[in-house]
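S.K.: Dropping a structure here in structure tokens format, bear with me for questions.
The values are calculated or read from the model by the stated rules, or taken from the named source; none is laboratory data. This is a predicted model, so every value here is computed, not measured. For neighbour counting, all protein chains shown are included, and Cβ atoms are generated from backbone atoms with ideal geometry for every residue, glycine included.
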Amino acid sequence: MKPYQTHLFEGKIITPGFLSLEPIFVYENKRYLNFLNLDCLYRKNNEYLRETAKTSIESEGIASSQGSLSDLQRIMSEIKRFESLLLFPDEISAFFAIFSICGPETAYFVDYETSASVNAVLQHRHVQYYNHNDLDQLTNLMSAEKGKVIIIDGLYEWIGSISPANELVKIARDNECIIIVNEINSFGLVGRDGRGFIDLFNLYDQINIEIGSFSKFLGGFGCYVGTKKYLINKIKENITNIHKPLPQFMVAVNCAALEFIKQGKLSKNITEKLWKHSRYSISRLKQLGFKTSSETPIVVISFNNDEEAEELKKRLLLEQVIVARNKERIRVCLSVEHSKDDIDYCIGKFELIGKELGIIHQ
């Protein structure tokens, strides 16, 4: 690898905290391609959702949604087939509420590639980590425990692939394990019209609790927990004094966002474009010699070490291509706003810099 030259970057690097959320933006007369955001379908700036929020605020103000979740409950019951739900402002609050009904001796089986929010909430609890590529290991781990809860992720945000959910659920059921499924990174993106990986694998009758996000791919607000009514009531008992409802306009936007799923045919062309670009990008990167096991519009490339990934990320930024990095991995989140020319430009820079650094060969 060529040595990192500090002077090349002085005064030229944009601090990520000040980046635009737009997939494409202009800064100091330069056009940047932004591949940081997981909002692949670009719904956070959707005009229909903006108008829904505006109308709700104008008619009701910033009112609490306490006791007025009936519309959201009805639509989600049609889409996700669970009896009842609770809304939370973020993932941490939602996972905290779920785990509040588990006893102190519970053993939690957590994928090494799970969401950071799961690990944050489960600190100081009895956690057994499993590798979803080693199902025998998971079986052996479960056989040694009594009270068991497994968290099964739908889409690994730092791999870009969908989990082997059927196999994981079978092992969990065979070992009398409570199954919590994590749709945070999959609801709105995978499955029929975005119904999630539970729908993709038809696991509705196999799981106990699910958690998902309205904000990542639907352009809405907060997270939901869906399950049987008696479990929702049990969760409510544990969080009565700390659970704060979302404002009514946020609930209204979530209901509007769910129409994208219910009326899936309206966005079919957009979705097909996104997945077509995904397949093309992954194929081209593999052809060039980059390592990726991704199979979704969240494309993750693995490198030999952290330094190699960091150097490539910095060189890409100088070429107006913005990506995320986590240790030895770089993530490229494709958006429907990115054209094929944009993707070709990005991949071209990966190729050029990859050859300069000796990551790929001529």
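S.K.: Of the numbered conditions (1) over 20 Å from Leu72 (Cα atoms); (2) in contact with an Asp or Glu (Cβ under 8 Å, 6 or more places away or on another chain); (3) surrounded by fewer than 24 Cβ atoms within 10 Å (Cβ to Cβ), Gly160 satisfies every one except a single condition; which is it?
M.R.: It fails just one condition, (3).
S.K.: What is the one condition in (1) at pLDDT 95 or above; (2) assigned to a helix (DSSP H, G or I); (3) surrounded by 19 or more Cβ atoms within 10 Å (Cβ to Cβ) that Val225 does not satisfy?
M.R.: Against the list (1) at pLDDT 95 or above; (2) assigned to a helix (DSSP H, G or I); (3) surrounded by 19 or more Cβ atoms within 10 Å (Cβ to Cβ), Val225 comes up short only on (2).
S.K.: Continuing with the same structure: When residues of the range 271-318 are filtered for being part of a strand (DSSP E or B) and surrounded by 16 or more Cβ atoms within 10 Å (Cβ to Cβ), how many remain?
M.R.: Looking only at that region, the number is 5.
S.K.: Follow-up. Which pairs do you get when a residue that is aromatic (Phe, Trp, Tyr), found in the range 27-51, comes within reach of a residue that is in a helix (DSSP H, G or I), reach meaning Cβ atoms under 8 angstrom, with the pair 6+ apart or on two chains?
M.R.: Phe35/Cys346; Tyr48/Ala256
S.K.: Then there is this: Within the range 74-101, track down each residue that is touching an Asp or Glu at 6+ places or on another chain (Cβ under 9 Å) and either without any contact (Cβ under 8 Å) to a residue 12 or more places away in the chain or not in a loop (DSSP other than H, G, I, E, B) (or both).
M.R.: Residues satisfying the conditions are Ile75, Ser77, Ile79, Lys80.
S.K.: Pick from Ile322, Ile343, Ile359: which is more than 24 Å from the chain's Cα centre (by Cα) and surrounded by 16 or more Cβ atoms within 10 Å (Cβ to Cβ)?
M.R.: Ile359
S.K.: Identify all residues within the range 96-116 that are surrounded by 18 or more Cβ atoms within 10 Å (Cβ to Cβ) and either under 21 Å from Ala257 (Cβ atoms) or of a type in the set (Gly, Ala, Ser) (or both); write none if there are none.
M.R.: Ala97, Ala107, Ser115, listed by residue number.
S.K.: List every residue pair whose Cβ atoms sit under 9 Å apart, with the two residues 6 or more apart in sequence or on different chains, where the first one lies in the range 303-328 and is at positive phi and the second, anywhere, is outside any helix (DSSP H, G or I).
M.R.: Gln320/Tyr27; Gln320/Lys30; Gln320/Arg31; Gln320/Tyr32; Gln320/Leu33; Lys327/Trp158; Lys327/Asn305
S.K.: While we're here: Test Asn133 against the stated conditions and say whether it is buried (at least 22 other Cβ atoms within 10 Å of the Cβ), among the polar types (S, T, N, Q) and assigned to a loop (DSSP other than H, G, I, E, B).
M.R.: Criteria not met by Asn133.
S.K.: Kindly list the number of the only condition in (1) part of a helix (DSSP H, G or I); (2) among the charged types (D, E, K, R); (3) under 17 Å from Val253 (Cβ atoms) that fails for Lys44.
M.R.: Going through (1) part of a helix (DSSP H, G or I); (2) among the charged types (D, E, K, R); (3) under 17 Å from Val253 (Cβ atoms) one by one, Lys44 breaks only (1).
S.K.: I need the full set of residues from the range 268-321 which are in contact with a Gly (Cβ under 6 Å, 6 or more places away or on another chain) and more than 26 Å from Val26 (Cβ to Cβ), in order please.
M.R.: Ser294, Thr296, Val300
S.K.: Considering Ser56, Ser93, which residue is surrounded by 13 or more Cβ atoms within 10 Å (Cβ to Cβ), over 24 Å from the mean Cα position of the chain (by Cα) and in the same structural domain as Asp193 (by TED's automatic domain parsing)?
M.R.: Working: Ser93 fails: over 24 Å from the mean Cα position of the chain (by Cα).
Only one candidate qualifies: Ser56.
S.K.: What are the residues in the range 170-198 that are more than 23 Å from Ala97 (Cβ to Cβ) and free of Cβ contacts under 8 Å to residues at least 60 places away in the same chain, if any?
M.R.: Passing the criteria: Lys170, Ile171, Arg173, Asp174, Asn175, Glu176, Gly191.
S.K.: Right, next: Do any residues in the range 333-357 that are in contact (Cβ under 8 Å) with a residue 12 or more places away in the chain have Cβ atoms under 6 Å from those of residues that are small (Gly, Ala, Ser), where the two are at least six apart or on different chains, and which pairs are they?
M.R.: As it stands, the answer is Leu334/Ser278; Ile343/Ser281, since those pairs meet every condition given.
S.K.: Which residues, counting only those in the range 234-258, are touching a residue at least 12 places away in the same chain (Cβ under 8 Å) and either more than 18 Å from Asn46 (Cβ to Cβ) or not assigned by TED's automatic domain parsing to the domain that holds Ile209 (or both)? Please lay out each step first, then the result.
M.R.: So the first thing to find is which residues in the range 234-258 are touching a residue at least 12 places away in the same chain (Cβ under 8 Å), and the list is 234-236, 238-239, 243-258.
Answer for the range 234-258, where residues must be touching a residue at least 12 places away in the same chain (Cβ under 8 Å) and either more than 18 Å from Asn46 (Cβ to Cβ) or not assigned by TED's automatic domain parsing to the domain that holds Ile209 (or both): Lys234, Ile235, Lys236, Asn238, Ile239, His243, Lys244, Pro245, Leu246, Pro247, Gln248.
S.K.: Looking at the range 187-210, can you tell me whether even one residue there is polar (S, T, N, Q), closer than 23 Å to Leu334 by Cβ and touching a strand residue (DSSP E or B) at 6+ places or on another chain (Cβ under 7 Å)? Step through it out loud before you land on a result.
M.R.: From the range 187-210, those polar (S, T, N, Q) are 202, 206, 208; that's our starting set.
Narrowing the set further to residues that are closer than 23 Å to Leu334 by Cβ leaves none.
Looking for residues that are polar (S, T, N, Q), closer than 23 Å to Leu334 by Cβ and touching a strand residue (DSSP E or B) at 6+ places or on another chain (Cβ under 7 Å), one finds none in the range 187-210, hence no.
S.K.: From Tyr230, Tyr204, which residue is surrounded by fewer than 19 Cβ atoms within 10 Å (Cβ to Cβ) and farther than 22 Å from Ile261 by Cα?
M.R.: Answer to the check: Tyr230.
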